[in-house]
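Here is the structure we will look at, set down as structure tokens.
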Amino acid sequence: MVFAQLIIYGIVLGSILALAAVGVSLIFSQLRFAHFAHGDVVTFGAYFGLLFTGTLALPLYLAFPLALAATGILAVAIDQLLYRRLRRSEPVILLISSIGVALMLRSVIQMVWGPDNRNYGGGGVSFPYEFLGLRIKPEQIVIIVGTVLLVTALHLFLTRTKTGKAMRATADNASLARVTGIDTERVILWAWIITAVLAAAAGLFLGLDTRLNPMMGWRILLPIFAAALVGGIGNYYGAIAGGLIIGLSQELSTAVISPAYKPAVAFAIMVLVLILRPRGIFARRREAG
């Protein structure tokens, strides 16, 4: 029964990591750099939710879509003001710039909302449902269902829309995509919007499941990158699987080791995969160019 309960917790955590890891893979597939500010975009999405639920006193079902939209605007603004000017630079320049962006975003959150833990609504108190001896909170059901809906929407966008197909073509071969007439700047813009929406959803879900803290995104940055690398960096569907693998592994590990070592579990899995399968478990072959 304890094992089954940990699986539930692992699916919840894996759902959050999967949403964030897809964003990491999406940006890497389009711009070929590791976005180290991604964890703090996750945090900003969570705090946008706090802004709408706390300061503006909106219900969660209205506040969350607004938080997703606000985070999308923030990500586009960062790209247009900073990253766009550096795209012709070496990837390491973008990577270093993203570290600076992460520090700035974290500082803004601490200045506006303070360093203390916060909760949504009435303190985040809820009574779990019990089924066959297992306990699951309503918020955890929302997280799992919300993740399924968002992942389904992403799949339909990538496979059924012209922009989604252009995004996949650009990820496979950006030079060939430009030659065939695809507006890669528009594709990159959509990539940032989608990445931000998924990151905000991950932050909102993490805030629902635990509490809000300015360091929350930074603390899960390693598991997020571990999930993206395990699934094959640049592979959106692999990132989803990687998120579930890391989430389940971290929660199941608490049966034998202290929960304080959960990040070490993610790191160990990432290192093991990089040694045995450097391109990731679900990596696909990519043409040169």
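General observations
- Scan of the stretch 150-194 for residues that are assigned to a helix (DSSP H, G or I) and of a type in the set (S, T, Y), ordered by number: T152, T159, T163, T170, S175, T184
- Pairs with Cβ under 9 Å, 6+ apart, first in the stretch 184-209 and over 14 Å from S29 (Cβ atoms) and touching a residue at least 40 places away in the same chain (Cβ under 8 Å), second charged (D, E, K, R) and assigned to a helix (DSSP H, G or I): L189/D79; F205/E139; L208/E139; D209/E139
One line per residue, one yes/no per condition, for (1) at pLDDT 90 or above; (2) on the phi > 0 side of the Ramachandran plot; (3) not charged (D, E, K, R):
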{"position": "L105", "(1), (2), (3)": "yes, no, yes"}
{"position": "Y120", "(1), (2), (3)": "no, no, yes"}
{"position": "F131", "(1), (2), (3)": "no, no, yes"}
{"position": "Q140", "(1), (2), (3)": "yes, no, yes"}
{"position": "L150", "(1), (2), (3)": "yes, no, yes"}
{"position": "K165", "(1), (2), (3)": "yes, no, no"}
{"position": "A174", "(1), (2), (3)": "no, no, yes"}
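- Residues of the stretch 101-118 that are charged (D, E, K, R) and part of a helix (DSSP H, G or I): R106 alone.
- Cβ-Cβ under 9 Å pairs, at least 6 apart or on other chains, the stretch 1-14 side part of a helix (DSSP H, G or I), far side aromatic (F, W, Y): V12/F205
- Test for A200: is it modelled with pLDDT of 95 or more, within 18 Å of S15 (Cα to Cα) and within 13 Å of the chain's Cα centre (by Cα): yes
- Some residue of the stretch 231-247 being polar (S, T, N, Q), free of Cβ contacts under 8 Å to residues at least 40 places away in the same chain and out of contact with any Asp or Glu (no Cβ under 6 Å at 6 or more places or on another chain): no
- Taking the criterion of being assigned to a helix (DSSP H, G or I) and hydrophobic (A, V, I, L, M, F, W, C), the residues of the stretch 15-34 that qualify are I16, L17, A18, L19, A20, A21, V22, V24, L26, I27, F28, L31.
- Within the stretch 195-215, the set of residues being part of a helix (DSSP H, G or I) and surrounded by fewer than 24 Cβ atoms within 10 Å (Cβ to Cβ) comprises V197, D209.
Quick grid of which residues meet (1) within 18 Å of G207 (Cα to Cα); (2) surrounded by 15 or more Cβ atoms within 10 Å (Cβ to Cβ); (3) among the acidic types (D, E):
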| residue | (1), (2), (3) |
| --- | --- |
| L60 | yes, yes, no |
| A70 | yes, yes, no |
| L74 | no, yes, no |
| A77 | no, no, no |
| L81 | no, no, no |
| L86 | no, yes, no |
| P91 | no, no, no |
| L94 | no, yes, no |
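- Test: residue in the stretch 265-272 that is in contact with a Gly (Cβ under 7 Å, 6 or more places away or on another chain) and hydrophobic (A, V, I, L, M, F, W, C): no
The values are calculated or read from the model by the stated rules, or taken from the named source; none is laboratory data. Quick caveat: nothing in here was measured; it's all calculated off a predicted structure. Heads up, the Cβs are rebuilt from the backbone with ideal geometry, glycines too, and the neighbour counts pull from every protein chain shown.
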